[in-house]
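Each value in this text was obtained by applying a stated rule to the coordinates, not by laboratory testing. Just so we're clear, the structure is a prediction, and the values are computed from it rather than from any experiment. Backbone-built Cβ (ideal geometry, glycine too); neighbour counts: all protein chains shown.
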């Protein structure tokens, strides 16, 4: 279940310009998979995103194209049990939540529309290690137990 405080709905799309196609491809590096593709944009002002050209303005452009729903107050996926796995570039990361049931995960301010999901291709996802470590650190700060073969846990804890 994905919820937002305002219930943003996808906007009708129009033909994608080459600029918007490139921008959407840039967004791919921030996509995790848990049942479906999830772009994790937790803080649109964080340099891990802005250094790649993802800003509030560019997210609104992608929303106008009908590729994403952008909600500054964010989206949440609910009803997790004690553990879940998310995949980044095909590799798993396990999250342990504090409660036995009814846990939730902050998805950030972007979800893909059906049109956006249909255009996502695993071949287009370019790994961004700084982003991966940023997400792991944010989850750790949220009190989650994170297990992954993709990052040195000592660096994240001390980072």
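Which peptide among 31-41, 94-104 comes first, and what is the full order, when sorted by highest mean count of other Cβ atoms within 10 Å? Numbers along the way, then the final one.
Details: 31-41: 18.4, 94-104: 13.6.
Top of the packing list down: 31-41, 94-104.
Between residue 19 and residue 55, what's the calculated FRET efficiency when r is the beta-carbon distance and R0 is 25 Å? Round to 0.05. Kindly include the intermediate steps, with their values, before the conclusion.
Values: r = 14 Å, r/R0 = 0.57.
FRET efficiency, residue 19 to residue 55: 0.95.
Computed extension length for residue 137-residue 46: 31.4 nm, one decimal, from 0.36 nm per residue of separation with the Cα-Cα distance subtracted.
By its C-alpha gyration tensor, with a ≥ b ≥ c as the square roots of the eigenvalues, how is segment 66-116 shaped: rounded for a/c under 1.5, else prolate for a/b larger than b/c, else oblate? Oblate, because a/c is 1.5 or more while a/b does not exceed b/c. Model label sites at residue 130 and residue 100, defined 7 Å from Cα along the beta-carbon direction, differ in position by 4.3 nm.
The separation of segment 25-43 from segment 54-94, counted between C-alpha centres, amounts to 5 Å. Anisotropy class assigned to segment 16-70 is oblate, per the alpha carbon gyration tensor with a/c at or over the 1.5 cut-off and a/b no larger than b/c.
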